Amino acid sequence: MKKHLSWKAVLLISTIALGITACGSGQGSAPIATNSPDPAKEQTLEEIVNLAKQEGKVVSVGMPDDWANWIETWGDIKTKYGLSHTDTDLTSSEEIAKFDAEKNNPTADIGDVGIAFGKIAKEKGVTMPYKTSYWNDIPEWAKDKDGHYLVDYQGTIAVLIDKSQVKNPPKTWEDIEKGDYKVQISDVTKSSQAQMGVLASAIAHGGNEGNIEPGLSFFSKLAKQNRLVAKDPTKAALEKGEIPIAILWDFVALGFKDQIDPNRFEVNIMQEGSVIGGYTTIINKYAPHPNAAKLAREFILSDEGQINLAKGFARPIRDNVKLPEEIAKKMIPKEQYRNAKPITDYKLWDETSKKIPQLWQEQVLVHIK
């Protein structure tokens, strides 16, 4: 299981510009400027494909088979282009450290990190810009202007409800506050997923990435009512019926629902608001197989690649991809995301997130008996 499932890494914002950017038409076949060996030369997608085939393989980090359905993506890339694949599962920070440490003898081509770590990777000068031909389909918040990082799937804080215990599944944060059931959230002092849960509640109650107090107040009320459980929600505990309500990323919650019992569980985005996060590919500036890495990013953002991610319950970043009916019906209805907002100021969120552990201890955990 990939390290991102627990989302334990705290989001930190720690430039060396490569000076060569990519541009695409959104059609999947137009000329694409890349940092090829000759900076003055533009590569077409066809040229990238041919060079990638010559390289023959792609080496990833943090993109294992059992996370976000990467297994199908790597299988499709092998079938379509003949590229073999290997992965080493690392945390976001470990991926960046590996790119930097191995610059004189690189082994990895591409990684998958939280968007905040994409910014860190760019600042450390270890990324290769490549926009792909789907550039115009990517929201502005989800991409670096030069293509150093590019979100391929997103997550939104959601609520997983065990309907065998909660007869009226909550649709709003207010519903939760008025309920009589226990609510479980991971350790906010360590888990970025849990911190995003606090931020989601803050946004819903008028706060933002610089004002987390409304979220802390919400969870403080639950703690005072003896309704808050500050502990990682696990599949085993959910199966046993030990968790009536859990606050999780939508794709994590949907995965639990599908694995345990789709009829027993419901997953909702609370109507007042939530927060959106994203995961981005980063291409190693020193990649031994640079064209294979570019081609992998290109495929991941293609319709086929985005559908593969959706099969793993990761919500595609491209809104114009039509999901097959059998996949779409397992996802949360699109209208539930209308009040979900992405973080727009990661530096501000970085400052806030550093304060959250102490604030959580002082304002919330102190009330848990």
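The values are calculated or read from the model by the stated rules, or taken from the named source; none is laboratory data. Just so it is clear, the structure is predicted and the values come from calculations on it, not from any experiment. When we count neighbours, we look across all protein chains shown, and the Cβ atoms used for this are built from the backbone with ideal geometry, even at glycine. Quick note on the areas: whole protein, heavy atoms, side chains included, nothing else; ligands and nucleic acids left out. Shrake-Rupley method; radii C 1.70, N 1.55, O 1.52, S 1.80 Å.
Computed from the mean reciprocal separation of all distinct C-alpha pairs, what Kirkwood hydrodynamic radius does the stretch 227-290 have, in Å? Each step should come with its number before you reach the end.
On the way: mean 1/r = 0.0688 Å⁻¹.
Mean inverse Cα-Cα distance, inverted, gives 14.5 Å.
Please give the FRET efficiency for residue 174 paired with residue 327, using the beta carbon to beta carbon distance and R0 = 25 Å, rounded to the nearest 0.05.
On the way: r = 32 Å, r/R0 = 1.26.
After rounding, the FRET efficiency stands at 0.20.
Restricting things to alpha carbons, find the Rg to Rh ratio for the stretch 107-167 using the Kirkwood radius for Rh. Intermediate values should be presented prior to the final figure.
Working: Rg = 16.5 Å, Rh = 13.8 Å.
When Rh is taken as the Kirkwood radius, the ratio is 1.19.
May I ask for log10 I(q)/I(0) of the stretch 156-300 at q = 0.15, 0.17, 0.21 Å⁻¹, from a Debye sum over the Cα atoms as equal point scatterers with solvent left out?
Listed by q, the Debye log ratios stand at -0.74, -0.89, -1.25.
Given a 1.4 angstrom probe, what's the average accessible area per residue across the stretch 297-369, in square angstrom?
54 Å²
Stokes-Einstein at 10 °C, 1.306 mPa s, Kirkwood radius from Cα pairs: D for the chain in µm² s⁻¹? Spell out each step's value before the answer.
On the way: Rh = 21.1 Å.
Diffusion coefficient, whole number: 75 µm²/s.
Taking +1 at the Cβ of each Lys and Arg and -1 at the Cβ of each Asp and Glu, which of 115, 126, 172 sits farthest along the dipole of the stretch 85-187 towards its positive end, judged by Cα position relative to the Cα centre?
172
What is the distance, in nm, between label points placed 7 Å from the Cα along the Cα-to-Cβ direction at residue 320 and at residue 234?
According to this spin-label approximation, the distance is 4.5 nm.
Could you go through the stretch 86-100 in sequence order and give the Karplus-derived ³J(HN,Hα) for each residue, using 6.51 cos²θ - 1.76 cosθ + 1.60 with θ = phi - 60°, rounded to whole Hz, and x for Gly and Pro?
Per-residue couplings from phi come out as 9, 9, 10, 7, 10, 6, 4, 5, 5, 4, 5, 4, 5, 4, 6 Hz.
Find out how many positive minus negative residues lie around residue 347, taking Lys and Arg as positive, Asp and Glu as negative, among other residues whose Cβ is under 13 Å from that of residue 347.
-3
Provide the net charge surrounding residue 110, with neighbours chosen by a C-beta distance below 13 Å and charges set as Lys +1, Arg +1, Asp -1, Glu -1.
That sum, taken over residues with Cβ under 13 Å, equals -2.
Summarise the accessible area of the stretch 125-246 (1.4 Å probe, protein heavy atoms) by the percent that is carbon and sulfur.
C and S atoms contribute 43 percent here.
What order do you get for 315-323, 189-197, 252-260 when each peptide is scored by the mean count of other beta carbon atoms within 10 Å, highest first?
Put in order of decreasing packing, that is 189-197, 252-260, 315-323.
Would you mind calculating the gained length between residue 242 and residue 338 on full extension (0.36 nm times residue separation, minus the Cα-Cα distance), in nm to one decimal?
Computed gain between residue 242 and residue 338 is 31.5 nm.
Consider all pairwise Cα distances in the stretch 128-226 and report the whole-number % of them above 21 Å.
49 percent
In whole angstrom, how far apart do the alpha carbon centroids of the stretch 306-367 and the stretch 237-292 sit?
8 Å
So if each residue of separation counts as 0.36 nm, and I subtract the Cα-Cα distance between residue 163 and residue 348, what length gain in nm does that give?
62.9 nm is the gain from fully extending residue 163 to residue 348.
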